[in-house]
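Engineer: Take this structure, written in structure tokens, and hold onto it; I'll ask about it next.
The values are calculated or read from the model by the stated rules, or taken from the named source; none is laboratory data. Bear in mind the structure is a predicted one, so any value in this text is a computation, not a measurement. In this analysis, Cβ positions are derived from the backbone assuming ideal geometry, glycine residues included, and neighbour counts consider all displayed protein chains.
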Amino acid sequence: MEEERRNDFPRDDETIDESGPATESGEVSSMPASEPGDEQQSLMAQLEEIKDKYLRTLAEMDNMKKRMQRDKQDIIKYGTEKLLRDFLLVYDAIEKSISTALELHPDDENFIQGLRMTEKLMLETLKRNSVEPIETENMPFDPNYHEAMLQVTKENMVKGMVVDEIEKGFMVHDRVLRPARVTVSG
């Protein structure tokens, strides 16, 4: 086996043809040697491609960082929406209690005054948390802020105006927390 390996390598007295590898027919192919300029251009193209990928990755990372920062700010700004919606149910109960007390016990001013103070406290608490009521009185119907529950015909009302508020709507910052449920003139 040792001898076979030795036979694979040329001996010192043999000449080696350096013109190129032989083909199956025994001819020597003559491939032109690559010029240093071609190799340099190829490396420069690869460098430009890598540089482009690097810059795109940097830009993508920067965009992702900005998006994550914006998402974080939104979570801080709007993270309490569910809790605030639950508080609106309490506000609705207070508002309903006031209207019921006015109907059933109009003479009990202390009780009604206590309910109104509770309503005021609730609205102030909501306001401290950037929650504001949506205006409906003498306003044109806007589906972004109002939810039409009924359409009524009134002689002295312009078509498409809010006639009555059934349930108060609220905004948190610049978002609708709950649309105002209203009656619209038709």
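Engineer: Of the numbered conditions (1) aliphatic (A, V, I, L, M); (2) modelled with pLDDT under 90; (3) part of a helix (DSSP H, G or I), MET157 satisfies every one except a single condition; which is it?
Structural biologist: Of (1) aliphatic (A, V, I, L, M); (2) modelled with pLDDT under 90; (3) part of a helix (DSSP H, G or I), only one is false for MET157: (3).
Engineer: Residue under question is ASP74, and the condition is that it be under 21 Å from the mean Cα position of the chain (by Cα), surrounded by 11 or more Cβ atoms within 10 Å (Cβ to Cβ) and of a type in the set (D, E, K, R); does it hold?
Structural biologist: yes
Engineer: Something else now. What about HIS105, is it in contact with a strand residue (DSSP E or B) (Cβ under 9 Å, 6 or more places away or on another chain), at pLDDT 90 or above and not hydrophobic (A, V, I, L, M, F, W, C)?
Structural biologist: no
Engineer: How about the stretch 165-186: which of its residues are surrounded by 14 or more Cβ atoms within 10 Å (Cβ to Cβ) and either among the charged types (D, E, K, R) or outside any strand (DSSP E or B) (or both)?
Structural biologist: Hits for the stretch 165-186 are GLU165, GLU167, LYS168, GLY169, ARG178, PRO179, ARG181, GLY186.
Engineer: Continuing with the same structure: Of a type in the set (D, E, K, R) and assigned to a loop (DSSP other than H, G, I, E, B) - does that describe any residue in the stretch 134-141?
Structural biologist: Yes.
Engineer: Please go through the stretch 120-149 and give me each residue that is free of Cβ contacts under 8 Å to residues at least 12 places away in the same chain, acidic (Asp, Glu) and within 14 Å of PRO179 (Cβ to Cβ), ordered by number.
Structural biologist: GLU135, ASP142
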